[in-house]
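Report on the following structure.
The values are calculated or read from the model by the stated rules, or taken from the named source; none is laboratory data. Being a predicted model, the structure only gives us computed values, none of them experimental. For neighbour counting, all protein chains shown are included, and Cβ atoms are generated from backbone atoms with ideal geometry for every residue, glycine included. All accessible areas refer to the heavy atoms of the entire protein, side chains included, with ligands and DNA or RNA removed. Shrake-Rupley method; radii C 1.70, N 1.55, O 1.52, S 1.80 Å.
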Amino acid sequence: LSATLLRDVPFSCLYWVGYEALKRRATAASADGATLSPAAAFLAGAASGSTAAFLTTPLDVVKTRQQTVPSYSGIQLHEGLARVVREEGASALLTGLKPTLLGYGIEGALKFGAYERVKAPLAALLVRLGAGGSALWLGPLLAGLLAGAIASLVVAPAEATRIRQVSDPDYAGA
């Protein structure tokens, strides 16, 4: 498997499962035990995004090196992890951590906060527009599309900074 898949699959699992676990806890702790507040969705998204990003940063470092540093091209993920530690020390596996945490914390907050906020109103609007039963799946789909688009715009500058820090050892932002 490629380093991209070996980073993205664990990230996505941690991100989504973490959000759902935090969402359940926040909902159970709400005044009525059944409502997720927009603030709770925002905080759960921030926590799940930054946690998933933190735990997968070493994988991201190797993935980015494979994509940007010719001598890393073609090596396995475990070889890349060992090489970074051997040549630069274990702390180099956390290169780019600050923009990663910031970017994915904000991305998760906006994605899940926006999704939870617009999901029901979009479904209700679709029903009023005549979508009928399709509104049950189309509302969340459109909410996810909107939330994902907003979040992607926000995470892009942080990702660009992280990539630069990982691929260019002379970058002043490191």
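Can you find even one residue in segment 79-99 that is open to solvent by 50 Å² or more (accessible area, probe 1.4 Å), closer than 27 Å to Ala21 by Cβ and among the hydrophobic types (A, V, I, L, M, F, W, C)?
Yes: one or more hits.
Give the residues of segment 82-101 that are in contact with a helix residue (DSSP H, G or I) (Cβ under 6 Å, 6 or more places away or on another chain) and part of a helix (DSSP H, G or I), sorted by residue number.
Val84, Ala92, Leu93, Leu94, Leu97, Pro99, Thr100, Leu101, listed by residue number.
Looking only at segment 146-165, decide whether some residue is touching a residue at least 60 places away in the same chain (Cβ under 8 Å) and crowded, with 21+ Cβ neighbours inside 10 Å.
Yes.
Kindly establish whether Leu110 is in contact (Cβ under 8 Å) with a residue 40 or more places away in the chain and open to solvent by 40 Å² or more (accessible area, probe 1.4 Å).
Taking the combined requirement at face value, the residue satisfies it.
Among the candidates Val61, Val69, which residue alone is closer than 14 Å to Ser167 by Cα, surrounded by 17 or more Cβ atoms within 10 Å (Cβ to Cβ) and among the aliphatic types (A, V, I, L, M)?
Val61
Every residue in segment 117-133 that is open to solvent by less than 60 Å² (accessible area, probe 1.4 Å) and out of contact with any helix residue (DSSP H, G or I) (no Cβ under 7 Å at 6 or more places or on another chain), please.
Listed by number, the residues that qualify are Ala124, Gly132, Gly133.
If we scan segment 120-137, do we find a residue that is among the hydroxyl-bearing types (Ser, Thr, Tyr) and farther than 24 Å from Ser12 by Cα?
Looking through segment 120-137, at least one residue is among the hydroxyl-bearing types (Ser, Thr, Tyr) and farther than 24 Å from Ser12 by Cα.
With respect to Thr51, determine if the residue is under 14 Å from the mean Cα position of the chain (by Cα), among the β-branched types (Val, Ile, Thr) and open to solvent by less than 30 Å² (accessible area, probe 1.4 Å).
For Thr51, the condition - under 14 Å from the mean Cα position of the chain (by Cα), among the β-branched types (Val, Ile, Thr) and open to solvent by less than 30 Å² (accessible area, probe 1.4 Å) - is not met.
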